[in-house]
Amino acid sequence: LQAGRRVTVLDGADGDFRASQGNFGLVWLQGKGADFAPYAEWTRDAVAAWPCFAAMLEELSGLDLALDQSGGFEFFTDTTELEDFRAALERQQADLGNRFSHEIVSGNDLRRMHPGIGSGVVGATFCALDGQVNPLRLLRALRCAVTALGGRIITDAQVSDIAAATGGGFDLTLQGGERLGAD
């Protein structure tokens with residue numbers, strides 16, 4: 001939309017199973033792309049871009065997203081899983097160099113910092129770049145931004161068919177019969 005393109009967002013029903021629901025609101029770097037350097041770099045760039053992205057959404061929507069990038073813990077109750085994740089973070093560190101840092105925190109050190117953590121937690125990883133936004137405000141701000149910039153949102157959309165369009169792009173058919181084209 002900001003580049004002057006026409007945009008239609010096809011948004012499924014609230015109850016649809018979607019990957020974005022599991023992580024919605026997280027601004028998370030640790031562990032992303034540990035085995036695929038381009039994805040690690042893409043994720044690092046996205047995490048770094050969040051403050052400007054949040055500011056733009058806040059300006060367009062008037063909503064405070066409550067962006068907090070003061071770090072995040074990944075907790076473990078199994079020593080082997082913690083060690084496997086440590087190795088993954090070391091691979092991610094090798095790919096990202098000084099654009100990524102992490103810490104390994106023992107269970108005892110965690111309990112000294114946060115007394116409510118139970119004895120079953122063997123340790124955690126911490127990345128100072130991780131954080132979150134308020135997911136409900138983010139969803140509302142994204143919808144406001146799309147419409148403020150002239151986009152269209154179709155809710156409860158279910159695509160029943162996608163076909164290659166003559167001359168490039170795609171023809172989409174929605175379950176109700178509506179047809180749309182995409183470049």
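The values are calculated or read from the model by the stated rules, or taken from the named source; none is laboratory data. Given the structure is predicted, the values throughout are model-derived calculations rather than measurements. Positions of Cβ are generated from backbone atoms using ideal geometry, with glycine treated the same way; all protein chains shown enter the neighbour counts. For accessibility, only protein heavy atoms count, side chains too; no ligands or nucleic acids. Shrake-Rupley method; radii C 1.70, N 1.55, O 1.52, S 1.80 Å.
Points worth noting:
- Filter pass, D45 being open to solvent by 60 Å² or more (accessible area, probe 1.4 Å), under 21 Å from F126 (Cα atoms) and among the charged types (D, E, K, R): yes
- Which numbered condition A34 misses (of (1) in a loop (DSSP other than H, G, I, E, B); (2) modelled with pLDDT under 95; (3) surrounded by fewer than 19 Cβ atoms within 10 Å (Cβ to Cβ)): (3)
- Residue satisfying condition, being open to solvent by 60 Å² or more (accessible area, probe 1.4 Å) and not aromatic (F, W, Y), within set D156, D130, D171: D156
- Within the range 63-92, the set of residues being farther than 19 Å from L138 by Cα and of a type in the set (A, V, I, L, M, F, W, C) comprises F73, F75, F76, L82, F85, A87, A88, L89.
- Any hit, the range 135-155, residues being more than 19 Å from P51 (Cβ to Cβ), touching a residue at least 40 places away in the same chain (Cβ under 8 Å), of a type in the set (V, I, T) and not in a strand (DSSP E or B): yes
- Restricting attention to the range 1-31 and to residues that are open to solvent by less than 30 Å² (accessible area, probe 1.4 Å) and within 10 Å of the chain's Cα centre (by Cα), the residue that is farthest from D68 (Cα to Cα) turns out to be L29.
- Within the range 85-126, tally of residues that are under 14 Å from K32 (Cα atoms), assigned to a helix (DSSP H, G or I) and open to solvent by 20 Å² or more (accessible area, probe 1.4 Å): 9
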